[in-house]
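Read through the structure below, which is laid out as structure tokens, and then see the notes.
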Amino acid sequence: MLEREIKFRRLVIGELNPEMLLPFQRYQEVNRVWRVIDGERKLVSEPFVDNWDEETKAEIVEQDFKHCLLGGGSVICAEDNGKLVGFSSLLRQLFGSESQYADLMQLHVSADYRGKGLGKALFAECARQAKVWGADKLYISAHSAEETVAFYRAMGCVDALEINKEHVEREPFDCQLEYVLNKG
Ligand SMILES: CC(C)(COP(=O)(O)OP(=O)(O)OC[C@H]1O[C@@H](n2cnc3c(N)ncnc32)[C@H](O)[C@@H]1OP(=O)(O)O)[C@@H](O)C(=O)NCCC(=O)NCCS
């Protein structure tokens, strides 16, 4: 089983390297996306391919990962024999009217490793970490692609009760979701 060979660990700032995402395949063929039309949420056909070039990958490491780690957040990666095949980043600063939300900024699995439980495992790691930090919920500004939203719904995410305006301004088509952390 592939999952047994995958190692999950937290990145530390000293190991950030602009080339670390080069083997990562963001490639995603999107066919249908969620849109709000006349106040109703609908799945509509909008075919496109999402992908990252080398420059974008380097920016993610140098800007997003660095920002996350410098702020005390966690970047969790899944590695197959040292190759980064999935990652998630969770910001340390809680937000919301009662500081209830921890921001799950990124969660991606390399195209060749999808559908094997890695996304679920990365999500669970973030949920565990957010609980330790005292959050009540994860907040996710999710890509509106049908499959992406289906993944988060399968994890137990629901529509966010409080909407984060910054996320909406940055990605107006994203679906704003939350996940209630089990306090047990
Ligand atoms: C979304 C993503 C993170 C899911 O990771 P993954 O490792 O492929 O997902 P898992 O194998 O852990 O799936 C867990 C559950 O999610 C659901 N799910 C996963 N992929 C799905 C898909 N393509 N369509 C519908 N449901 C899906 C299933 O219920 C699955 O459980 P099951 O395998 O028991 O049926 C990954 O596919 C990905 O990186 N996609 C492209 C980038 C992206 O959308 N990132 C999120 C941006 S906000």
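The values are calculated or read from the model by the stated rules, or taken from the named source; none is laboratory data. Keep in mind the model is a prediction, meaning the values are calculated, not measured. No Cβ is skipped: glycine too gets one built from the backbone with ideal geometry, and neighbour counts run over all protein chains shown.
Values as computed for the structure displayed
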read-out	value
Filtered residues of segment 37-59 (kept if touching a strand residue (DSSP E or B) at 6+ places or on another chain (Cβ under 8 Å) and outside any loop (DSSP other than H, G, I, E, B))	I37, R41, K42, L43, V44, S45, E46, P47, F48, V49, D50
Qualifying residues in segment 128-148 (those that are surrounded by fewer than 22 Cβ atoms within 10 Å (Cβ to Cβ) and either assigned to a helix (DSSP H, G or I) or free of Cβ contacts under 8 Å to residues at least 12 places away in the same chain (or both)) - the one nearest to the ligand (Cβ to nearest atom)	E147
Residues satisfying the stated conditions in segment 102-142, i.e. touching a Cys at 6+ places or on another chain (Cβ under 8 Å) and over 22 Å from F8 (Cβ atoms)	S141
Number of positions in segment 88-102 that are in contact with a Ser or Thr (Cβ under 9 Å, 6 or more places away or on another chain) and touching a residue at least 40 places away in the same chain (Cβ under 8 Å)	2
Single residue of E79, E15, E59 found to be more than 17 Å from the chain's Cα centre (by Cα) and of a type outside the set (V, I, T)	E15
Segment 106-127: number of residues that are within 22 Å of I60 (Cα to Cα), within 9 Å of the ligand (Cβ to nearest atom) and either of a type outside the set (K, R) or crowded, with 20+ Cβ neighbours inside 10 Å (or both)	12
Criterion: modelled with pLDDT of 95 or more, of a type in the set (S, T, N, Q), closer than 19 Å to C77 by Cα and surrounded by 14 or more Cβ atoms within 10 Å (Cβ to Cβ) - qualifying residue of Q25, Q63	Q25
Scope segment 150-184; condition β-branched (V, I, T) and farther than 23 Å from K120 by Cα; matching residues	I163, V168
Residue match in segment 159-169 (condition: of a type in the set (A, V, I, L, M, F, W, C), within 15 Å of the chain's Cα centre (by Cα) and within 14 Å of the ligand (Cβ to nearest atom))	no
